[in-house]
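Have a look at the structure below, then the notes.
The values are calculated or read from the model by the stated rules, or taken from the named source; none is laboratory data. Just so we're clear, the structure is a prediction, and the values are computed from it rather than from any experiment. Counting neighbours? That spans all protein chains shown, and the Cβs are built from the backbone with ideal geometry, glycine included. What goes into the accessible areas is simple: the full protein's heavy atoms, side chains included, and nothing from ligands, DNA or RNA. Shrake-Rupley method; radii C 1.70, N 1.55, O 1.52, S 1.80 Å.
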Amino acid sequence: MSDAALTHAPPFRPQLAAVGIVGSMLVTTGVFLSGFVISEPAPYEVFMAGLIGLWAVVGLRISRGIAPLLVLVVLFNVGGMLSLTVMDDLSSGPMYMAVSLFLALSSVFFAAIVEARPARLELIFRAWVAGALITSILGILGYFHAFPGAEAFTLYDRAKGAFQDPNVFGPFLVAPSLYLMHGLLSGRILGAPLKVVGVLTLALGLFLSFSRAAWGLYLFGVVALVFVMLLKERTGAFRLKILILSLSAAGLMILALVAALQFDKVANLFSSRTQLVQEYDGGHLGRFERHRIGFLMAMEKPLGIGPMMFSKMFPEDEHNIYLKSLTTYGWLGFATYLTLMAWTLSAGFRVLLRDRPWQPFLMIAFITLLGHSAIGFVIDTDHWRHFYLLLGVVWGCLALERRHNRRIASGTTLA
């Protein structure tokens, strides 16, 4: 570093450093709480609402790199608010939109704090792993009725952990699983045993959720992670290491699956859930028929039909995030959602393989978010807390990349 740069370096302020540490600890606590949503409002909402409000008062900086995210999520929710105008009964609609707006702003919050301090990415994912391990263990113990009252952590004989729905519980475990796998593939061998135990615990919890969307998301995430790492690391030794560890991990997964299938209860439900099309998918007014009718109906409803109105017209909810964006957020919400996902995924893809300190976190969040955009065709990801966390992480990394490039152009480096 030049003498001029040292001369103009900002002085160290212990007060600001202490505030930053406390802020990071609070963020870690918030992410950890995202794994426990047995009832609503969950502790996550209460805690994060206070934290975001406090941070906004203290000084939450929204940079130009994050501003598009803010604009898009606000427009998305404006569409939802407009849909309220077509509802006759407003008993539950406003509260639904309040939660939507809070979750949307939480993605902006996570993006901003990641850009402000990239080291928070490590804390975020470690907290996510901790919360995921605990809720996964609860789901596993509940599934096997390991203690009195353990059935509270299951639903319809499927593990749900500390969540309300197995279909949310399963996908929640994917990103922390990929984080542990990345550490296993790229880290030192000394830390491998603990990571292997963590991966197997999360995999078993995810398997016992019997969520086909979660299974598909997990399989896609693992394959995509290994593929991207092989693209990024071009040395023969590293590629051999990834190959050996990947095959070993696959072998352990198969052995664990075979062991789990020795239980008749597990084997019977697994046989039922592995059918590609269930009765409630292809039957009269099943999932796919509802999708077709719903999209046709939405073409005549520019403002949508309002939150939670679809399930009052049909046997079940939309189970499709794209249809949900049309019915609940109107044409404006649908167009905004498509723009948001296309912008996020295309921008993330362009910088995915660049050698940056935050690249592993971007890679994990991008892969998981891409998988969520795919399972969104058969499941409703609206109001999934971890979805907005993923969105915030990707946009935070994009903002870091933008700042990094700007500083390179000016002759400095990113601290």
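Computed values, structure above
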| item | result |
| --- | --- |
| Gly131 part of a helix (DSSP H, G or I) and touching a strand residue (DSSP E or B) at 6+ places or on another chain (Cβ under 9 Å) | no |
| The stretch 318-347: number of residues that are closer than 19 Å to Ala98 by Cβ and either open to solvent by 50 Å² or more (accessible area, probe 1.4 Å) or hydrophobic (A, V, I, L, M, F, W, C) (or both) | 1 |
| Out of Gly205, Gly236, sole residue that is of a type outside the set (D, E, K, R) and under 21 Å from Asp165 (Cα atoms) | Gly205 |
| Scan of the stretch 58-116 for residues that are polar (S, T, N, Q) and open to solvent by 70 Å² or more (accessible area, probe 1.4 Å), ordered by number | Thr85, Ser91 |
| Residue selected from the stretch 376-399 under the condition of a type in the set (Val, Ile, Thr) and open to solvent by less than 20 Å² (accessible area, probe 1.4 Å), by the criterion modelled with the lowest pLDDT | Ile379 |
| Verdict on Ser106 being over 22 Å from Gly396 (Cα atoms) and either in contact (Cβ under 8 Å) with a residue 40 or more places away in the chain or among the hydroxyl-bearing types (Ser, Thr, Tyr) (or both) | no |
| Close pairs from the stretch 390-402: first over 11 Å from Leu69 (Cα atoms), partner aromatic (Phe, Trp, Tyr), Cβ under 6 Å, at least 6 apart | Cys397/Trp358; Leu400/Trp358 |
